[in-house]
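We did not get these values from a lab; they are worked out from the coordinates using the rules stated. All values reported here derive from a predicted model rather than from experimental measurement. Backbone-built Cβ (ideal geometry, glycine too); neighbour counts: all protein chains shown.
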Amino acid sequence: MRGIVIGLMGVGFLLPSTMYADASCAGRFLNPILDVNWDMIFPIRIFGVKLEVGDGSPDSPSTLTGPVCFCPSQILNIPVMGIRVNYHEPLYIEEIAKTPGCLSSLGGLQLFSGFETEQTELQERANSASRWQVHWYEYPIFSVLDMFKDFLCMEVSGFALAYMTEIDPTWQDDAWGAIFAPQALLFANPFAQSVCAMDAISATTANRPIDDLFWCAGSWGSVYPLTGNGNASVDRLQSANLVGAKFIARLSEMGLLWQTVGEFAKCRAYIMPIWMKSQFSIDPVYPVVYHGEGMSIGAATSVWEYAPVETYPYEENLNQVIFQEQQCCMR
């Protein structure tokens with residue numbers, strides 16, 4: 001999130017007495033070497049030459065592929081020619097939690113108590129979840145591992161727990177969520193929801209979601225309202241992914257996620273109040289490490305080819321590394 005860290009999230013680390021072990025909170029520390037799907041940094045384009053290894057990540061439709069670029073200099077904004085570089089960078093860990101306060105990315109650490117009323121609600125008939133909490137970590141792995149230092153647009157911040165939805169009342173209730181994002185009312189109709197079928201088909205078959213349908217998360221469901229309530233009529237994995245997509249859209253609306261591809265981003269990233277979902281790819285790392293093609297937002301979970309979360313009854317959080325496509329004009 002371009003170095004922006006919400007200060008309230010540091011309260012858990014300032015108050016170590018609030019941390020405790022909890023049998024219902026399981027987890028595993030991320031191994032950035034073995035757990036991360038390194039094929040997803042591809043394709044890499046340098047000076048118009050495409051380097052592709054393995055399955056890679058899907059390119060955004062806004063990807064610029066020319067060999068050179070021009071950006072204003074610091075001297076009277078005189079345009080300076082540079083070399084265009086495109087790649088996909090692992091920047092964040094998104095932790096979609098069944099148990100409030102459970103930091104499964106930190107080995108199953110329970111950060112605080114007193115949030116039991118925000119426990120994930122399970123629907124017995126479908127055994128699926130209708131509410132999740134999300135923990136968002138800044139984890140620029142290239143910077144942490146001291147890799148690709150010459151890429152000028154690489155994120156250079158360090159590891160940080162940047163957001164926890166437990167302390168956000170507008171995340172817990174759809175009515176409060178409508179106050180946070182009143183535009184949800186525009187899409188609460190059958191026509192707006194029916195066109196999401198096109199997004200689902202595109203994300204699943206072509207691995208490319210349709211950015212113009214920003215109120216859709218493909219086959220996962222509707223993005224609005226921007227709350228932690230998922231679709232209780234689907235499987236738990238799909239419900240968790242829908243909530244994860246809602247949270248990314250929410251961060252974009254808050255100005256905490258920026259656009260990094262496209263004509264206007266060729267020189268510097270800029271705020272995108274309407275999220276550009278095609279620039280993100282998902283790499284599941286817990287409870288099951290996934291190695292395959294980077295998955296787009298909204299792709300049917302049946303094509304993920306790994307065991308669903310409900311087969312791990314004691315490890316029901318879903319942790320994902322979020323890759324974001326980057327383009328640089330190296331001058």
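What is the distance, in nm, between label points placed 7 Å from the Cα along the Cα-to-Cβ direction at Leu34 and at Asp212?
Between Leu34 and Asp212, the simple spin-label model gives 4.7 nm.
Between Asn77 and Lys50, what length comes free when the chain is fully extended (0.36 nm per residue of separation minus the Cα-Cα distance, one decimal in nm)? Walk me through the intermediate numbers first.
Working: separation 27, 0.36 × 27 = 9.72 nm, distance 3.01 nm.
Length gained between Asn77 and Lys50: 6.7 nm.
Once amide H atoms are built 1.01 Å from N in the peptide plane, which residues 5 or more positions from Cys216, or in another chain, come under 5 Å H to H?
Amide H neighbours of Cys216: Val223.
Which order results if Val49, Val195, Val261, Val321 are arranged by neighbouring Cβ count within 10 Å, fewest first? Walk me through the numbers before you get to the answer.
Working: Val49 8, Val195 14, Val261 22, Val321 27.
Ascending number of Cβ neighbours within 10 Å: Val49, Val195, Val261, Val321.
Let a ≥ b ≥ c be the square roots of the eigenvalues of the Cα gyration tensor of the range 145-293; is it rounded (a/c under 1.5), or, if not, prolate (a/b larger than b/c) or oblate?
Details: a/c = 1.44, a/b = 1.38, b/c = 1.04.
Cα axes put the range 145-293 in the rounded bin.
Name the shape class, rounded, prolate or oblate, that the alpha-carbon gyration tensor gives for the range 197-243, where a ≥ b ≥ c are the square roots of its eigenvalues, rounded holds for a/c under 1.5, and otherwise prolate holds if a/b is larger than b/c and oblate otherwise. All intermediate terms of the calculation are to be shown ahead of the outcome.
Details: a/c = 2.58, a/b = 1.46, b/c = 1.76.
Taking the square roots of the gyration eigenvalues as a ≥ b ≥ c, the range 197-243 is oblate.
Listing Cys216, Cys196 from the residue with the fewest other Cβ atoms within 10 Å to the one with the most, what is the order? If you can, show how the numbers build up before the last one.
On the way: Cys216 28, Cys196 22.
Ranking Cys216, Cys196 by Cβ neighbours within 10 Å, fewest first, gives Cys196, Cys216.
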